[in-house]
Amino acid sequence: MEVQYSGVDILEALESAHNYNDYLTRLIRESTESKDLIDFGAGIGTFSKRLRRTGYHVKCIEPDPVQRQKLEEQGFDTLDNITSVPDDSASFIFSLNVFEHIEHDTIAIRQVGRKLKPGGALLIYVPAFECLWTSLDEKLCHYRRYTKTTLRRLVEQEGLAIEQVRYADCVGFIAALVFRLLNRSASTLTAPTISFYDRWLFAPSRVLDRLFGRWFGKNVYVLCRKRLSLLAS
């Protein structure tokens with residue numbers, strides 16, 4: 001089934017968020033020693049392009065036909081569905097701000113888990129806390145926001161072993177809460193707004209995450225691994 005994504009303008013605006021993108025790219029690189037990666041929900045290829053420039057080979061999974069064609073034109077190995085990837089073949093899969101868009105995330109995690117080779121790792125990064133739900137979530141067609149508990153439960157039901165689960169961007173949590181309390185519309189999030197936050201607030205937020213990342217943040221991520229024992233199952 002072809003899926004067309006309604007939040008491309010937000011993705012394009014986020015491409016200029018250099019500190020944010022540097023952080024997530026570094027998080028991916030620090031999470032794996034493999035040079036062969038799968039970007040599950042590649043979008044416009046923000047992170048695949050960054051990783052390719054530093055010597056990684058990235059296979060892009062993208063259901064949106066328009067974005068997939070653009071990725072193909074840029075030379076990426078691209079598929080519309082992860083089910084086309086052989087089982088037990090992937091060393092590392094990353095998925096950034098994608099699972100919140102998937103109605104049946106339990107089915108998606110099962111499909112992704114099957115593709116990991118024993119010992120292979122998965123990094124999922126998603127929006128956190130339903131109390132931060134705003135019109136922006138509706139514009140971006142989100143089904144949910146996660147907590148450490150719900151994200152942990154999602155991957156553990158597939159038998160994946162958790163190595164780290166943590167919140168990120170605690171200042172962003174406060175900003176998003178104010179955004180909600182003021183009942184601001186999704187149109188408020190513009191490229192200049194994103195650029196201002198990225199330039200002046202994201203770096204301090206990362207420092208404060210060292211203190212508060214256990215308890216809250218605008219986002220939450222999990223790094224988990226397929227157990228070696230699952231090879232025989």
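What follows is calculated from the coordinates using simple rules that are stated; it is not laboratory data. Predicted, not measured: the structure shown is a model, and the values here were computed from it. Here the Cβ is made from the backbone with ideal geometry for all residues, glycine too, and neighbour counts use every protein chain on show.
Of the options (1) 0.97; (2) 1.60; (3) 0.91, only one is Cα Rg over 2.2 N^0.38 Å as computed from these coordinates, and that is (1).
Computed about the Cα centre, the dipole magnitude for the chain is approximately 840 debye when only Lys and Arg (+1) and Asp and Glu (-1) carry charge, each at its Cβ.
Legend: distances between Cα atoms for 49/139; 59/115; 70/115; pairs beyond 20 Å are 49/139; 70/115.
Given a Förster radius of 45 Å and the C-beta distance between residue 199 and residue 84 as r, what FRET efficiency does 1/(1 + (r/R0)^6) yield to the nearest 0.05? About 0.70, to the nearest 0.05.
Distances between placed amide hydrogens fall under 5 Å for residue 98 paired with 125, all partners being 5 or more residues away or on another chain. Would you please classify the overall shape of segment 5-136 from the alpha carbon gyration tensor, given that a ≥ b ≥ c denote the square roots of the eigenvalues, rounded means a/c under 1.5, and beyond that prolate means a/b larger than b/c while oblate covers the rest? Rounded is the answer for segment 5-136, as its axis ratio a/c remains below 1.5.
By the beta-carbon count within 10 Å of each Cβ, the least crowded to most crowded order of 84, 195, 48, fewest first, is 84, 195, 48.
Estimated from the Cβ-Cβ distance and a Förster radius of 22 angstrom, the FRET efficiency linking residue 215 and residue 150 is about 0.90.
With neighbours defined as other Cβ atoms within 10 Å of a residue's Cβ, the residues 83, 32 order from fewest to most as 83, 32.
Exposure proxy ranking for 77, 39, 64, based on other Cβ atoms within 10 angstrom of each Cβ and starting from the fewest, stands as 77, 64, 39.
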